[in-house]
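Nothing in this text is a laboratory measurement; each read-out follows from the coordinates by a stated rule. Keep in mind the model is a prediction, meaning the values are calculated, not measured. Note that each Cβ is placed from the backbone with ideal geometry, even for glycine, and that neighbours are counted across all protein chains shown.
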Amino acid sequence: MTFLRRVLLLFIMLGSLFACATEPLDETFVSEPYVKERWLPFLADGKTEKNGIIQRLGEPTSSFQNGAILGYRLILVEEGRALQEEEYRKIIIQHDVAYVTPYYGWVNNRRKQLSEKGSLLTLREENKDDGLFDILTREAEYSLILIFDDHGTLIKHNLRRIMP
Amino acid sequence: MKTFFALLFILFSSACIVIPTPEHRIQGRVPCDEEKTTFMVKNMTSKEEVLLNLGEPDLVLNRERIFVYRWEMVAAYFAVGAYGGGAVGPIQRTSFLIIEFDDKNRVSRHEIRGSVFSSRTPPVETFKSPQHESTPSLRSP
């Protein structure tokens with residue numbers, strides 16, 4: 001009986017371990033539709049003005065066709081905190097462990113927290129050095145393309161997740 | 001003699017192995033591979049459409065005449081073992097999507113180039129358009 005109990009216990013432990021080890025990566029909170037609705041609800045084709053967008057997102061990362069097309073490189077990061085080196089290392093290690101094992105519990109939890117308290121930061125040449133730790137620990141990176149008409153009204157836009 | 005055997009032992013106890021795998025991505029940009037470029041039609045597809053579909057390029061050359069997208073895929077893993085230590089890591093294959101536009105901002109050419117087992121970025125001159133030999137305006141978003 002004792003032997004059977006031990007075998008049963010072993011199976012339960014192994015079952016729990018495999019259940020943990022196979023937690024899949026949850027893409028809900030970093031998906032393009034979610035991010036667009038959560039952080040960019042003000043973008044409306046045929047309505048939103050270029051100045052209004054620049055006021056909200058800051059200067060664009062890139063510009064094409066004499067400013068008729070603007071590009072924003074956006075990263076999903078923790079809001080309003082200067083990331084310290086120790087924390088940066090911790091995030092990097094947790095990420096590596098998650099993707100190698102693969103046990104995505106920590107990543108899923110971070111994504112959920114970012115969906116509540118995170119922010120979309122615009123990357124530009126000027127803030128690349130200051131926000132280096134933020135860039136390296138970003139949970140996701142997006143490219144937002146905005147196309148304007150001659151009057152500066154948004155006519156088309158698209159958000160593409162480009163990393164990871 | 002003992003030293004000789006010790007050295008011989010160390011020499012023969014070290015090894016390196018490369019394990020090829022199906023190409024897969026572990027980090028970095030989403031690939032702009034053949035599948036993602038099916039929408040592009042020569043002399044038809046506009047720069048706007050390219051940007052909307054693929055996002056900002058990683059490199060812009062020749063006054064927006066050439067866009068370059070770069071991504072890396074793991075093609076194999078290496079494992080090095082020696083007496084008292086060892087290391088394992090991915091071997092990445094770098095690929096580039098190079099798109100060239102004509103005067104009307106339509107796609108005039110596009111190709112995917114890969115550098116097998118190398119992550120070194122080819123020199124900028126490689127991407128210079130034969131039609132436009134002017135100094136490239138280099139911007140990395």
Q: Report the trypsin sites (Lys or Arg not before Pro) located in segment A:60-164 that are in a DSSP loop and have at most 14 other Cβ atoms inside 10 Å of their Cβ, or state none.
A: A:81, A:128
Q.
Stokes-Einstein diffusion coefficient for segment A:104-164 at 25 °C in a medium of 0.890 mPa s, Rh from the Kirkwood formula over Cα pairs: what value in µm²/s?
A. 177
Q: For chain A, return all DSSP H helices satisfying: extent of Cα atoms along own axis at least 15 Å; mean Kyte-Doolittle hydropathy at least -1.0.
A: A:2-21, A:85-100
Q) Of A:118, A:80, A:67, which has the largest mean-square fluctuation in a 10 Å C-alpha GNM of chain A? A) A:80
Q.
Please compute, for the alpha-carbon atoms of chain A, the extent along each of the three principal axes and give them in descending order in Å.
A. 82, 34, 23
Q) In nanometres, what is the gap between the two model label sites at residue A:124 and residue A:25, each 7 Å from Cα along Cα-to-Cβ? A) 3.1
Q: Determine the shielding of peptide B:46-54 by partner chains: average, over its residues, the number of Cβ atoms on other chains within 10 angstrom of each Cβ.
A: 6
